[in-house]
Every structure is written in structure tokens, then in C-alpha cells.
Amino acid sequence: MKFPDRYILKNCRAVDFKNKRVRPVQIQVDREIIERILPINAAQIPGIITIDIKNRFVMPGFTDSHTHLMARGIELQRVDLGGCRSTDECLEKLRRHRERPEIFGSNWDESDWVKGRKEDLDRLTLDKISAKKPIIMRRVCGHFAICNTAALKRIGPKWKIVDRKRGYLYEDAALFLNLIFSPSDNMLEKGLELASEEALSMGVTSVHEITNIRNFKMFQKLRPRLRIRVALYTYWKVLDQVIEAGFQSGLGDNYLKFQGIKIFMDGSIGARTAAMNNPYPGTKNYGKLLVNEEQLKNMIKKAEDNSLQLIIHSLGDRATETVIQAFEKCRIKENRLRHRIEHLEVVSDRQIKRIARLGLIASMQPNFVRRWQQPGGLYEKYLGQAYRVMNPFRKVTDAGITLVFGSDSMPMGPLYGLTGATEHPFPANRLTPAEAFDGYTERPAYAVFEEGRKGRIEPGMFADLVVINKDPLTAATPALLKIEYVLVAGKSGSKHDRIPARPRQA
Ligand SMILES: [Zn+2]
């Protein structure tokens, strides 16, 4: 269906998360903007087409504050080991793709396995599938991968934290495998299309995308075809070049803009590389701090001097302590650049207070809670009882910290993830549906200086809207809700759209 430039969505129940209310209204759209909100019974305006939403709930489109959309799109064209239930199943799936010139599997998660341990897998197990072709299997977190001998040969000595005997790659060597086993341009183009469609079908109309320079260029090339809005961050390795080129946060347009720089302080819980104050139970391993305080202070100063926003991956409490101290010593007061800490999964009460004082934004992943923080789950297994106090959404919110939600593409769906906030396994850290949805709608807009354009249904905002089957304000389990229809810039977003009925001329 071709959308007119001007139309009215009638019989809407517009959801307002901030004020926790649903308003029966009509929404007038003019090109990509919400022009007016009309009372439900306002007379039809002659000449303007109406689309009947039939009393369904309409909410602002989701913004996923932490995605790897392009990486996800590439993965969708590789071997998906997500959902495998054992080591054997992973190996069997890789074997089935033996005819490929290189066999790249990803998304495996040992907490889904009923049989086999990740320690059972190494270079030699993969060599049995093929000794000649490179085989890689990367963990869902991206921070750990196992590869065979042929793949290992391609990983040069500049890549650190590589256990060559077992074929284990940690951190950069795993995260940046796409630089070594480079996808074709075709794969990138198709990947962006596939991942955008997946995101849209889940109601995501904007993303905060973290990716490399090659992909950034591809985003720019595909800019005219973008169906989803992208604020893009790239990695700290190019911080100096970005500064030299004079780029500042916010450069771009309503569909694609350069937003800032991502720094990694540590790794992940699943790879046991998150930097902790206490060792992983039963080991002497405290995780790995990848950047020290001096280095971070240096980067903060550069970012401040050059108007660049930083998003800092910091998962363990030792990593976060370093981040907090660096900001405190740099005397960052009102955080005018809206720097963020990503993940913040293990964080003490005292640290929460100091983060609030610094005005740093917390960017967290409720889907991690749902997936790995359940009793008996991966976090309990790797951290012992300390897992109980992880991801304290309630404490972070009550401290007055701006809390934004993102999926880290594990998996993408906000509705899947929000359940980890409203049904946090430890009730003291649950959020109300309104608070949780706000973390996926209005607050992410603030995090990238788009308040006033996104995240609410008000005149002047982008017509990025989602029609949903039930009232999200009263949904204890958001995962049970269904996305029925997605508009981006006032136009139909996803191929999966099911309504509305044909537009009618008044
Ligand atoms: Zn990430």
C-alpha cells in the first residue's frame, strides 16, 4: 500500500509512558512528522485520507540503544548456532555447511546446552570437520571464539589474547573477526537489509549502532535505502583519526548520523573476562581490564575537547570503578556530551551514587537478565551468589540515573528483553511497565540528543509509530504482546505489517 503524504490515523489509543496514560485520539501525520493530535471525536477534515486503527494501542517506535545491526545481518548469512542444545549439535550444524569456503558459526550459548561443555571444544575438534577450510565458532557475546588450525593460521601475531594451542580467541581477536574473515560487500548490503527487516518486525524504528569504519562507509552508501534510523558509534582505535578529520557527535541527518566513540573496559561474564573486584568463584581469575585509568582519562579529555560522545563498555565492578574514577578526576560535572556506560551489570550501591552524581547515562540490557540471570542460569554458575545483585534496574532508576535499554542484538527484540525488567528474577529490582518501556522509547532519544523528535506521540515528533495489540502499560509480561504494525517517518516500515485497512478518502 502506498502511503499518502498527509493522513489521519483515527481511533488510536495513544500510549504515553511518561505520564502512564492512554489517550483516545486521532493522529495527523504530515510527511514524516506528527502534525497534530486531535480529539477522538473531531470531525473529519475534508480532503485528508484516514486510516482506521480500530482502537488499537499506538506507541512511539522503539529505539534499541545498543545494536550491532550490520554484524547481525552478516550473521544471518552465516551458520547460526543459537538455539543449539549441545556441543554435538553445534558441530553437526557446522559440518552441514562443509561445502562453504569458510565455515563461520556464531551465537552459541553454553547455557542453552544440555550436553557438553565449551571446554570440550578446541582447535582439534574443529579440525575433524575440516583441516583445510577455516572454521570459526564465536560465542553469542562476541568476546570469545574457538577456531580450527586453518583459521588460526590467518590470525596474525598482532592479535592478542589468543590461546594458539587450544584455538581460543578472547576479546579483540574474537570481537573483530570480521576484519580477518572479511565479509564481501554484497554480504554487507544484504546483511543490512535482513537485519533492518528483523528489527522493524520487532517494532524497532531507531538504533544506536556500534560498528567498524568499513561498515560505517557501507551505511553511508546505503543511506538512501535505510528504513530504520541509525545513530552510529565506532571504536576507540580510530579516535585520533576522527578528531583529526574534525568529526563531532551528531554529524549527519535524520536517518544516519555519526554519534561517537565506543571504548571497551572489559569483556563479558560468559567469557569470564569482565573485570571484577572479586575473583570468579573457584578461580584466581579477576577478569581483564583492557584500558587503565590513565588511558581512559586521556580519551575522556580528548573527547571533551572535541565534542565527542563516549560510550564505555564496562560490565564488571572493577572496570566500572576505573570508569568512575577517571570521570571524577577529569572533573566532568554536568556531562554535557551525555557520555554513557554500557552494560553496568555488576555495580555496587556506592558506585550507583557516584554515577548519578557524575550524570553519566546507564545503558543496560534487560534481555541479558531474562536470558542469563535466572536462578540456575549462566550468571549464577559463573558468579555464585553475587549474581543476585546484578542489573539493579530499580536502584539505578531511583538514584536518578538516566537508564536506557538496548539489546546488544542478543537477540534484538525489545519485547523479549523488557520482560527481564518487569519480571526481574529479584523483585526488588523490577521496573513498572511504564518505566521499562520508557527505557526503550523516550530516554534513548535523550541519550543521542533527539528529545523533542522521538519517543513520544506529540506534535513535531517523527511519525515513527508502533501499533501493538494490547495496552503495554498494564502488561506484566511484555514478551506476550504483539507488534502489529510499524511506521517509520509516516510510512509503512516492515514487510510483516498486517494492518491497516485501505486508506479512505474523507
Ligand atoms: Zn555490544
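The values are calculated or read from the model by the stated rules, or taken from the named source; none is laboratory data. All values reported here derive from a predicted model rather than from experimental measurement. Note: ideal-geometry Cβ built from the backbone for every residue, glycine included; neighbour counts use all protein chains shown.
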The range 15-39 residues that are modelled with pLDDT under 95 and outside any strand (DSSP E or B), paired with ones that are crowded, with 18+ Cβ neighbours inside 10 Å and not charged (D, E, K, R) (beta carbon under 7 Å, 6 or more apart): R31/G490; E32/F462; E32/A463; E32/A489; E32/G490
Residue in the range 213-229 that is surrounded by fewer than 22 Cβ atoms within 10 Å (Cβ to Cβ), within 16 Å of the ligand (Cβ to nearest atom) and under 20 Å from the mean Cα position of the chain (by Cα) present: yes
Residue ID - surrounded by the fewest Cβ atoms within 10 Å (Cβ to Cβ), chosen from residues in the range 394-434 that are free of Cβ contacts under 8 Å to residues at least 40 places away in the same chain and not in a loop (DSSP other than H, G, I, E, B): P427
Residues located in the range 130-147, provided they are farther than 21 Å from M70 by Cβ and not in a loop (DSSP other than H, G, I, E, B): I135, I146, C147
Residue that is surrounded by fewer than 17 Cβ atoms within 10 Å (Cβ to Cβ) and more than 16 Å from the ligand (Cβ to nearest atom), where the choices are K284, K302: K284
Which numbered condition K10 misses (of (1) under 30 Å from H313 (Cβ atoms); (2) more than 16 Å from the ligand (Cβ to nearest atom); (3) crowded, with 16+ Cβ neighbours inside 10 Å; (4) among the charged types (D, E, K, R)): (1)
Count of residues meeting criterion [of a type in the set (A, V, I, L, M) and over 31 Å from the mean Cα position of the chain (by Cα)] in the range 91-136: 3
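Could you please give the count of residues in the range 130-162 that are within 16 Å of the ligand (Cβ to nearest atom) and small (G, A, S)? So that I can check it myself, show each step before the final result.
Going residue by residue through the range 130-162, those that are within 16 Å of the ligand (Cβ to nearest atom) are 138-145.
Retained after the next criterion (residues that are small (G, A, S)): 142, 145.
Total meeting the criteria: 2.
Within the range 163-179, track down each residue that is part of a loop (DSSP other than H, G, I, E, B) and either basic (K, R) or more than 16 Å from the ligand (Cβ to nearest atom) (or both).
Start the filter on the range 163-179 by keeping residues that are part of a loop (DSSP other than H, G, I, E, B), which leaves 164-167, 171, 176.
If the condition is that a residue be part of a loop (DSSP other than H, G, I, E, B) and either basic (K, R) or more than 16 Å from the ligand (Cβ to nearest atom) (or both), then R164, K165, R166, G167 are the ones that fit.
Kindly establish whether E294 is without any contact (Cβ under 8 Å) to a residue 40 or more places away in the chain and either within 16 Å of the ligand (Cβ to nearest atom) or not in a loop (DSSP other than H, G, I, E, B) (or both).
Considered against the rule, which asks whether it is without any contact (Cβ under 8 Å) to a residue 40 or more places away in the chain and either within 16 Å of the ligand (Cβ to nearest atom) or not in a loop (DSSP other than H, G, I, E, B) (or both), E294 comes out as yes.
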F258 being within 29 Å of R453 (Cα to Cα), assigned by TED's automatic domain parsing to the domain that holds G439, of a type in the set (A, V, I, L, M, F, W, C) and more than 23 Å from the chain's Cα centre (by Cα): no
In the range 370-412, the residues that are more than 16 Å from the ligand (Cβ to nearest atom) and under 14 Å from A436 (Cα atoms): R370, P392, F393, R394, K395, V396, T397, D398, I401, T402, L403
Residue in the range 368-379 that is farthest from V207 (Cα to Cα), counting only those that are in contact (Cβ under 8 Å) with a residue 40 or more places away in the chain and surrounded by fewer than 24 Cβ atoms within 10 Å (Cβ to Cβ): P375
